[in-house]
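Notes for the one structure printed next.
The values are calculated or read from the model by the stated rules, or taken from the named source; none is laboratory data. For clarity, every value in this text was computed on a predicted model and none was experimentally measured. Cβ placement follows ideal geometry from the backbone for every residue including glycine, while neighbour counts extend to all protein chains displayed. Accessible surface areas use protein heavy atoms only, side chains included; no ligands, DNA or RNA. Shrake-Rupley method; radii C 1.70, N 1.55, O 1.52, S 1.80 Å.
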Amino acid sequence: MKALVLPEIEAYAEAHSAAESEICRALREETYRTMELPQMVVGPLEGALLKVMAHLVGARRVLEIGMFTGYSALCFAEAVPDDGRVLTCEIDPKSAVLAKKYFAKSPHGRKIEIKLGPALETLQALTGPFDLIFIDADKVNYLHYYRRALELVAPQGVILIDNVLWSGDVLLQPPPDRSTAVIQELNRTVAADQRVTAVLLTVRDGVLVVRPRPGLNKTA
Ligand SMILES: C[S@@+](CC[C@H](N)C(=O)[O-])C[C@H]1O[C@@H](n2cnc3c(N)ncnc32)[C@H](O)[C@@H]1O
């Protein structure tokens, strides 16, 4: 993943945002030591954003699509109240083993439920509403995830979608691959969608914040 923000600015922003917990730090470090593609972890700055968003909507029920080793799931678990729940989807059993190790160490880990398997199948079986839905799995399915998230999100809830700048490749025409093409289509779709209000934040690799508009039929 290409850095889109100057490293010094990124470090400054991180230093002036809520710090990650000790358990999140240890999980991030072990992920970097032991896993392929550790840069998939959202990291401290975006983790702080996820926690603030969860607090802003008063999230009690969070749905995550794409857990990896559990960093962002643990951020959400730390942000929801004692009776809150974080349901997280992951297809890779090896990632889930590391996630479970750290969930067991955290006092917030008991709030997290892992759904192992293809997220699209998991999502079909779920019932909403969820106060916050975080989309961060395979990019080729982003439009499917967005459509299903709109059905599952609470009227006062929020959908967050990660990597929507795709290292800057969203600017390329024609798109070099299917993932880029789908992210471009998702960004166009959300921008034109009258059912929602959205803002694309240039945090890390781009985070799209999508809020259902009050009174509009979500299935329209
Ligand atoms: C970018 S990583 C998630 C990072 C995580 N949110 C974090 O901050 O640590 C994307 C994850 O989605 C998982 N994934 C990919 N395709 C999937 C699918 N169809 N269903 C469920 N999970 C999938 C991958 O195995 C990977 O662990």
State the answer as a single residue: which of Val158, Leu49, His108 lies farthest towards the positive end of the charge dipole of the range 7-159, with beta carbon charges of +1 for Lys and Arg and -1 for Asp and Glu, about the Cα centre. His108
For the chain, taking Cα atoms only, what is the radius of gyration to one decimal and the Dmax to the nearest whole Å? 16.4, 48
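Contact order normalised by length for the range 7-159, with contacts defined as Cα pairs under 8 Å and 6 or more residues apart; what percent is it? Spell out each step's value before the answer.
On the way: 249 pairs, mean separation 33.7, N = 153.
Reported relative contact order: 22 percent.
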In bins 5 Å wide, starting from 0, what share of all Cα pairs of the range 33-162 does each bin hold, as a percent? 2, 11, 24, 25, 22, 12, 3, 0, 0
Can you give me the distance in nm between label points at Asp177 and Arg147, each placed 7 Å from the Cα along the Cα-to-Cβ direction? 2.4
Check: the chain dipole with +1 on Lys, Arg Cβ and -1 on Asp, Glu Cβ, in debye: 560
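Quick check on the range 103-197: take the gyration tensor over C-alpha atoms, sort the square-rooted eigenvalues as a ≥ b ≥ c, and tell me if it's rounded (a/c under 1.5), prolate or oblate. Let's see the in-between values first.
Values: a/c = 2.07, a/b = 1.54, b/c = 1.34.
Prolate shape, in that a/c is at least 1.5 and a/b is the bigger ratio.
Share of the range 127-169's accessible area from carbon and sulfur, percent, 1.4 Å? Walk me through the numbers on the way to the answer.
Numbers: 720 of 1320 Å².
It is 54 percent, rounded to a whole number.
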Of Ser95, Thr202, Val80, which is farthest towards the positive pole of the chain's charge dipole, taken about the Cα centre with +1 and -1 on the beta-carbons of Lys, Arg and Asp, Glu respectively? Val80
Of Lys2/Lys111; Lys111/Lys139; Lys94/Lys115; Lys115/Lys139; Lys51/Lys139; Lys51/Lys111, those spanning more than 25 Å from alpha-carbon to alpha-carbon: Lys2/Lys111; Lys111/Lys139
Check Thr197: other-chain or 5+ apart residues with amide H under 5 Å from its amide H, H built from backbone geometry? Arg211, Arg213
Can you give me the accessible area per residue for the range 1-104, using a 1.4 Å probe, in Å²? 49
Answer rounded, prolate or oblate for the range 144-206, using the Cα gyration tensor with square roots of eigenvalues a ≥ b ≥ c: rounded when a/c is under 1.5, else prolate when a/b is larger than b/c, else oblate. prolate
